[in-house]
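Enquirer: Quick one: structure below, then a few questions.
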């Protein structure tokens, strides 16, 4: 029986592990076979506080993991197959073992929807990005493409005009799905142009290891052409990793965990942190902050369970 278990090893999960460990809760963190979250696909991170000259995404995650481990977070590598939230205690099952815990922190994140191109995967972090706020700064005075037609795509396209020399929006339809105000802003912007009824068939150039252009194809005529750009921002949405919790936790229409004050969820003793409950900011620093909140909320929840006898003055001071 565990006091705290954490599912997910991105900034939210690792921060939750750090705080829970310092509160003497001996947390068990289950990191997926692809551990570290979306920052594992990021080359340089320049907007995480404390790193004046920036840091590589995988290096940042390794540092955070080592810090959580130093204070006593225990790690298990494997993918969770089922979760039973009818407790407490709650039951978490992986392909190798089954665990029970009095409190659970969900930090499974959200996955950016991708185009599904092999070249897109190979050049991720080398000119291909899913986050304008994270990576726009690297494309100063460079031409870029934004793929998508919703509010997120228009927001990213407008934001990227602060840096890029020009932004080309590639959209598979003849009209945008974005709200009218976002459409008007994007359509009127002098640095934004549109390729309508088109899809991206290829991202060049995997041989060079950097983006040099995209091959787009007209849906109507099947004609293709190459646009020379140095960056590709895929903005076709995110999918929260919440399939395990469907029918057990309150989720919104898009599948995100609905917060119930702080990091609390609709099930007492279950907490959520990071992108799994945040469809607005989706930053490493906000994920880490919510991981801290989840650990503190979990500690306070456990303190109110009289049979546990935990929650000392020392843990409060931590």
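The values are calculated or read from the model by the stated rules, or taken from the named source; none is laboratory data. All values derive from a computational prediction rather than experimental measurement. Neighbour counts are summed over all protein chains in view; Cβ atoms, including those assigned to glycine, are modelled from backbone coordinates with ideal geometry.
Enquirer: Condition test on residue 103, is it part of a strand (DSSP E or B), within 29 Å of residue 9 (Cα to Cα) and in contact with a strand residue (DSSP E or B) (Cβ under 7 Å, 6 or more places away or on another chain)?
Expert: Against the criterion (part of a strand (DSSP E or B), within 29 Å of residue 9 (Cα to Cα) and in contact with a strand residue (DSSP E or B) (Cβ under 7 Å, 6 or more places away or on another chain)), residue 103 qualifies.
Enquirer: Determine, yes or no, whether residue 127 is farther than 30 Å from residue 19 by Cβ and free of Cβ contacts under 8 Å to residues at least 60 places away in the same chain.
Expert: no
Here's the yes/no breakdown for (1) surrounded by fewer than 19 Cβ atoms within 10 Å (Cβ to Cβ); (2) in the same structural domain as residue 89 (by TED's automatic domain parsing); (3) part of a loop (DSSP other than H, G, I, E, B):
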{"residue": "108", "(1), (2), (3)": "no, yes, yes"}
{"residue": "154", "(1), (2), (3)": "no, no, no"}
{"residue": "159", "(1), (2), (3)": "yes, no, no"}
{"residue": "163", "(1), (2), (3)": "yes, no, yes"}
{"residue": "169", "(1), (2), (3)": "no, no, no"}
{"residue": "172", "(1), (2), (3)": "yes, no, yes"}
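Enquirer: Right, next: Within the stretch 212-257, how many residues turn out to be outside any loop (DSSP other than H, G, I, E, B) and either crowded, with 17+ Cβ neighbours inside 10 Å or touching a strand residue (DSSP E or B) at 6+ places or on another chain (Cβ under 8 Å) (or both)?
Expert: Of the residues in the stretch 212-257, 22 are outside any loop (DSSP other than H, G, I, E, B) and either crowded, with 17+ Cβ neighbours inside 10 Å or touching a strand residue (DSSP E or B) at 6+ places or on another chain (Cβ under 8 Å) (or both).
Enquirer: Among (1) under 22 Å from residue 275 (Cα atoms); (2) surrounded by 14 or more Cβ atoms within 10 Å (Cβ to Cβ); (3) free of Cβ contacts under 8 Å to residues at least 24 places away in the same chain, which single condition is residue 91 missing?
Expert: Among (1) under 22 Å from residue 275 (Cα atoms); (2) surrounded by 14 or more Cβ atoms within 10 Å (Cβ to Cβ); (3) free of Cβ contacts under 8 Å to residues at least 24 places away in the same chain, residue 91 violates only (1).
Enquirer: Taking the stretch 187-202 as the search range and keeping residues that are in contact with a helix residue (DSSP H, G or I) (Cβ under 9 Å, 6 or more places away or on another chain) and closer than 20 Å to residue 116 by Cα, which one is surrounded by the fewest Cβ atoms within 10 Å (Cβ to Cβ)?
Expert: The qualifying residue surrounded by the fewest Cβ atoms within 10 Å (Cβ to Cβ) is 202.
Enquirer: Tell me which residues, restricted to the stretch 46-70, are in contact with a helix residue (DSSP H, G or I) (Cβ under 9 Å, 6 or more places away or on another chain) and either surrounded by 20 or more Cβ atoms within 10 Å (Cβ to Cβ) or on the phi > 0 side of the Ramachandran plot (or both).
Expert: Passing the criteria: 57, 60, 61, 64, 65, 68.
Enquirer: For the stretch 22-45, give me each residue that is surrounded by fewer than 24 Cβ atoms within 10 Å (Cβ to Cβ) and closer than 16 Å to residue 271 by Cα.
Expert: 28, 30
Enquirer: Check 21, 12, 68, 62 and return the single one that is free of Cβ contacts under 8 Å to residues at least 40 places away in the same chain and in a helix (DSSP H, G or I).
Expert: The conditions single out 62.
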